[in-house]
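Inspection log for the structure reproduced underneath, given as structure tokens.
The values are calculated or read from the model by the stated rules, or taken from the named source; none is laboratory data. None of these values were measured; they are calculated from a predicted model. In this analysis, Cβ positions are derived from the backbone assuming ideal geometry, glycine residues included, and neighbour counts consider all displayed protein chains. Just so you know, the surface numbers come from the protein's heavy atoms only, side chains and all, with ligands and any DNA or RNA stripped out. Shrake-Rupley method; radii C 1.70, N 1.55, O 1.52, S 1.80 Å.
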Amino acid sequence: SSGNGRPCGAFQAFSLFVQAREVPGAARGAAVRWRCCRLAFEELSGIHRHVALQHGGDIGRQAEQAAAERSPPGGPGAAGTADGPDARSRGGPEVSCALPDTSRVSHGDLTSKVGEVLLYYCYCEVKDPEKLCAWQKALCQHLHLTGKVRVASEGINGTVGGSKVATNLYIEVMLSQPLFKDILCREDFKSSAGGAHCFPDLRVGVFKEIVPMGIDPKIVSYKETGIHLSPQEFHREVEQYLAQASQGQSDTILLDCRNFYESKIGRFQGCLAPDIRKFSYFPSYVDENLELFKDKRVLMYCTGGIRCERGSAYLRSKAVCREVYQLKGGIHKYLEEFPDGFYRGKLFVFDDRYAICSNEDIISACRYCGTLWDQYKLCSSQHCRQLVLTCPSCHNKGLTACCPVCQEKELQVTSRASGQTLKEECECTRRRPRVPIEHVSQSMLDTGK
């Protein structure tokens with residue numbers, strides 16, 4: 001039900017539709033309890049799935065009709081309705097639970113393996129994250145999408161994969177969601193070739209933050225973000241920064257907000273890329289290196305823009321920088337405009353692809369022999385989840401772990417009885433300081449290194 005006690009229109013319509021398909025007099029545990037489309041169903045989950053897949057359009061029309069009958073004179077937006085003048089003062093508009101009509105779409109088109117992966121986020125006030133989460137889960141299942149969606153009182157952050165038909169329907173429904181009206185637009189969805197196969201499953205959940213920085217959104221809000229620059233504006237700024245740096249005149253820091261394994265395989269020329277393992281370490285990184293940012297102009301960037309929203313807000317809260325700018329739409333949008341611009345190498349993505357390519361540059365090397373290589377694989381040691389760059393030649397030699405410690409553990413595991421677990425010990429994480437202190441000289445910044 002909604003926050004004011006009224007049932008959500010689509011959920012109520014769905015429930016009534018299922019109820020109307022009950023077999024008269026059928027008791028709980030009976031062989032057949034529901035009938036629909038000449039099919040018999042014994043389990044509630046079975047009829048629910050059938051109705052969601054085959055009757056989404058019917059549910060939507062029933063919900064709209066019921067909503068129209070409930071609307072008072074004056075139409076949508078009239079005083080006292082969910083979207084009335086005082087709706088935003090109560091924490092934003094109600095969540096619409098409508099699902100798109102897929103009755104005219106073939107099952108093959110909806111589930112095609114040839115598709116794309118969408119990356120998006122929307123910061124807005126969500127007064128009922130649980131309801132938004134439930135709708136997102138139902139929507140993604142309805143469209144056969146996989147991926148990850150994080151919902152919080154501060155908004156939504158999603159990476160989903162599916163067929164082109166499914167992702168287009170997803171975008172249309174998201175844009176029609178009253179919660180995101182006038183905030184989210186089609187350009188906010190970053191896409192790349194892929195599909196549902198890029199993710200092992202669908203994970204939708206409610207969290208405190210839509211991007212895990214580890215700082216309460218009430219303390220550092222997305223509303224205090226830096227100045228957004230379009231890809232064209234950011235490109236000009238980087239061009240000017242590199243030109244000035246080569247002459248030893250730069251007062252700017254080009255800051256990569258991502259993790260070390262992301263910037264290792266691709267980054268902007270002349271950037272400062274923190275050697276941190278998680279974005280939740282970024283605030284501590286800023287705190288430990290405040291002198292570095294004093295009186296500087298900071299140009300920030302990340303994959304899709306979301307980490308910069310909170311990261312720039314945190315940096316601004318320290319009141320040491322002269323100005324803080326961020327790349328709107330992140331590297332994704334920049335590469336659409338400038339595939340051969342100042343970003344070189346691959347773009348790391350958080351799915352089974354690991355990276356997507358925009359130019360032919362390889363800026364990283366094999367962990368073992370040093371030859372140019374930028375295709376990640378998971379460490380072969382069962383207890384470790386680190387990523388490793390190992391070229392085909394070294395891989396064929398059995399060098400498949402992220403470090404010598406894990407390589408030795410892998411040999412131990414394969415020579416012992418199956419099922420035995422070993423404590424995680426990884427040289428990669430043990431030797432890396434949680435928060436690095438930058439010993440960056442002015443001359444290094446001036447040359448753009």
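Points worth noting:
- Within the set 131, 113, the sole residue that is outside any loop (DSSP other than H, G, I, E, B) and either in contact (Cβ under 8 Å) with a residue 12 or more places away in the chain or under 19 Å from residue 50 (Cα atoms) (or both) turns out to be 131.
- Residues that are of a type in the set (S, T, N, Q) and over 21 Å from residue 290 (Cβ atoms) within region 232-258 comprise 232, 240, 244, 246, 247, 249, listed in sequence order.
- Residue tally, condition hydroxyl-bearing (Ser, Thr, Tyr), open to solvent by 30 Å² or more (accessible area, probe 1.4 Å) and part of a strand (DSSP E or B), over region 367-412: 0
- Against the numbered list (1) under 24 Å from residue 439 (Cα atoms); (2) at pLDDT 95 or above; (3) of a type outside the set (Asp, Glu); (4) open to solvent by less than 40 Å² (accessible area, probe 1.4 Å), residue 276 comes up short only at (2).
- For region 363-386, residues that are in contact with a Leu (Cβ under 6 Å, 6 or more places away or on another chain) and at pLDDT below 90 total 1.
- Residues of region 255-273 that are assigned to a loop (DSSP other than H, G, I, E, B), surrounded by fewer than 18 Cβ atoms within 10 Å (Cβ to Cβ) and touching an Asp or Glu at 6+ places or on another chain (Cβ under 7 Å): 273 alone.
- Test for residue 210: is it modelled with pLDDT of 95 or more, buried (at least 20 other Cβ atoms within 10 Å of the Cβ) and assigned to a loop (DSSP other than H, G, I, E, B): yes
- Long-range neighbours under 9 Å by Cβ, at least six apart or interchain, first residue over 17 Å from residue 281 (Cα atoms) and in contact (Cβ under 8 Å) with a residue 40 or more places away in the chain within region 214-229, second of a type in the set (Lys, Arg) and crowded, with 19+ Cβ neighbours inside 10 Å: 221/310; 222/310; 225/310; 228/328; 229/328
- From the options 209, 224, 237, residue that is touching a strand residue (DSSP E or B) at 6+ places or on another chain (Cβ under 8 Å), acidic (Asp, Glu) and more than 18 Å from residue 341 (Cβ to Cβ): 209
- Annotation: residue 176 fulfils all but one of (1) out of contact with any Leu (no Cβ under 8 Å at 6 or more places or on another chain); (2) under 17 Å from residue 206 (Cβ atoms); the unmet one is (2).
- Scanning region 96-103 for residues that are more than 21 Å from residue 186 (Cβ to Cβ), surrounded by fewer than 19 Cβ atoms within 10 Å (Cβ to Cβ) and at pLDDT below 95 turns up at least one hit.
- Residue match in region 288-297 (condition: among the polar types (S, T, N, Q), assigned by the TED database to the domain that holds residue 247 and within 18 Å of residue 346 (Cβ to Cβ)): no
- Single residue of region 183-203 satisfying the filter (aliphatic (A, V, I, L, M) and farther than 20 Å from residue 303 by Cβ) that is least open to solvent (accessible area, probe 1.4 Å): 196
- In the set (1) crowded, with 20+ Cβ neighbours inside 10 Å; (2) on the phi < 0 side of the Ramachandran plot, the condition left unmet by residue 345 is number (2).
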